[in-house]
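Taken together, the values in this text are just the output of simple stated rules run on the coordinates, not laboratory data. On a predicted model such as this, the values are computed, not experimentally measured, just so you know. Don't worry about glycine lacking a Cβ; one is built from the backbone with ideal geometry, like all the others, and counts go over all protein chains shown.
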Amino acid sequence: MSSVFDKLWTALRGGAREIGDAIVDANGIRIFEQEIKDATDNIATAKRSLTEVMARKMQAVRKVAELGDAITQNERFATQALEQNNEALALDVAGKIAGLENDRNEQAAIVTRLDHQIEQLKAHIKKAEKLIADHERELAIVRTTESVQKATEQVVENVAANNSSLNSARDSLERIKKRQELKQDQMAAGELLDSELGDQGLDAKLEAAGIKGTKADAAAILARLKAAKPS
Amino acid sequence: MHRLQELTYTLSDLNYEGHTFNCLPIGGAQNVLQILVSDLDEMPIYVTVTDTQMLCITYLCRRDEIRTDKRDELNRSMLEMNVAVPLSSFALIEDYYVIFGALSTTSSINDICRELVTLAANAYDALEAIEEFLV
């Protein structure tokens, strides 16, 4: 199956309005969904089998240990029989040990086989989980494309209903520029106002009028000195 | 739906780095929320939530507003700029050039605010950059 990007691209190139539908018709969201469902079911089954197989393995492992214990015990018996020079009894015990060892080998083989099955089941589950993740990501891409198209259509309709057109770039730029100019004019006006009404402007005016400032003070001092001078 | 309503409530009382948000739900089958970022409100942001993402989209201009002989150059410029533009990417949706940002549906309100303010500022810059390509 080709990538979802290919399908999407083909649908977009074909000018399809309903991308989701186009892809459903062409390749099948439903196939994806079915595969996701199948994979999910597979995982459930595999997990059940895995539990069962692991239980059986534990059983077999326990049997191997039990048989091992029995073998050790019987070896001890055989040794004791030999110490008593009871060759016949020792042989009997040895026969039993042979049987136990055969059983143990059988159980050990079962453990190995079950281990292999467990590995297989785990790999199977992993594969199914990856398939689900991939398909869900692909479905999300298709659904998002659809959502975005629908959203765009709604936005266009909504803006049209309010008697304006969606973002003519020129108009937007004009409005932004006008607002920036207005802001700059306001700032310039503010500065002008500051210079006219601020302390600095006022001082300058007072000074010019001879009411305030160093010149006015000097003149006043001179006038005072002249007045104080005895004639 | 739920997520967008929640977002409307949360954003209405919020001040993020001196910006406030004006939300207006756009009716229809797909839930879309129009968001105006104060001081950057000439470029509205449209937010839509899918299963996996929260998409914030600003429509820059129609394809036919771009001079035919300059379209390839613009497309190329946008692709080249995409990586460097903070948080936002350029795209085409049907006949519209857009700039957009995609968020995880589990993003924090702080992340969403950052996205919205950045996107609006990017949209202003993008519009100025597009000017020379306009018919």
As I understand it, the value is the acute angle between the Cα axis of helix B:71-82 and the longest principal axis of the Cα atoms of chain B; what does it come to in degrees, rounded to 10?
40 degrees
Would you tell me the mean number of C-beta atoms belonging to other protein chains that fall within 10 Å of each C-beta in B:117-126, as a whole number?
1
A:A128 neighbourhood, Cβ < 14 Å, K/R = +1, D/E = -1, net charge +1
For segment A:36-89 and segment A:127-195, compute the distance between their C-alpha centroids and round to whole Å.
69 Å
Taking each residue of A:175-186 in turn, how many C-beta atoms of other protein chains fall within 10 Å of its C-beta, and what is the average?
1
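Go through B:33-45, B:106-118 and give me the packing order, highest mean Cβ count within 10 Å leading.
B:33-45, B:106-118
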What does the charge count around B:T106 come to, taking other residues whose C-beta lies under 13 Å from its C-beta (Lys +1, Arg +1, Asp -1, Glu -1)?
-2
Roughly how tilted is helix B:109-130, in degrees to the nearest 10 and between 0 and 90, from the longest Cα axis of chain B?
20 degrees
Along its three principal axes, how long is chain B when you only count alpha carbons? Whole Å, largest extent first please.
45, 34, 24
With label points set 7 Å from each Cα along the Cα-to-Cβ direction at B:M81 and A:R179, the distance between them in nm comes to 1.9 nm
Answer in debye to the nearest 20: the dipole magnitude of chain B about its Cα centre, from +1 Lys/Arg and -1 Asp/Glu charges placed on Cβ, is 320 debye
Cross-link candidates for A:K226: which lysines have Cα within less than 30 Å, leaving aside residues fewer than 8 places away along the same chain?
A:K205, A:K212, A:K215
Shielding score for B:33-45, defined as the mean number of other chain Cβ atoms within 10 Å
2
Can you give the net charge of the other residues whose Cβ lies under 13 Å from the Cβ of B:N22, counting K and R as +1 and D and E as -1?
-4
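Does segment A:4-161 come out rounded, prolate or oblate, given a ≥ b ≥ c as the square roots of the eigenvalues of its C-alpha gyration tensor, rounded meaning a/c under 1.5 and, failing that, prolate meaning a/b above b/c? Provide the component values of the computation, followed by the final result.
Values: a/c = 7.96, a/b = 5.90, b/c = 1.35.
Prolate, because a/c is 1.5 or more and a/b exceeds b/c.
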Amide H of A:S168: which non-local residues (sequence gap of 5 or more, or other chain) have their own amide H closer than 5 Å, using H built in the peptide plane?
none
Lys pairs in segment A:4-161 with Cα under 29 Å (8 or more apart in sequence, or on separate chains) total 25
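Quick one: order B:F21, B:F90, A:F5 by neighbouring beta-carbon count within 10 Å, fewest to most. The partial results should precede the final answer.
Details: B:F21 24, B:F90 21, A:F5 10.
The fewest-first ordering by Cβ neighbours comes to A:F5, B:F90, B:F21.
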Report, as a whole number in µm² per second, the diffusion coefficient that Stokes-Einstein gives for the protein assembly as shown at 10 °C and 1.306 mPa s using the Kirkwood radius over alpha carbon pairs.
56 µm²/s
Taking alpha-carbon centroids only, segment B:69-83 lies from segment B:1-16 a number of Å equal to 34 Å
Put +1 on the Cβ of each Lys and Arg and -1 on the Cβ of each Asp and Glu in chain B; which of B:T106, B:G18, B:V37 then has its Cα farthest toward the positive end of the dipole?
B:T106
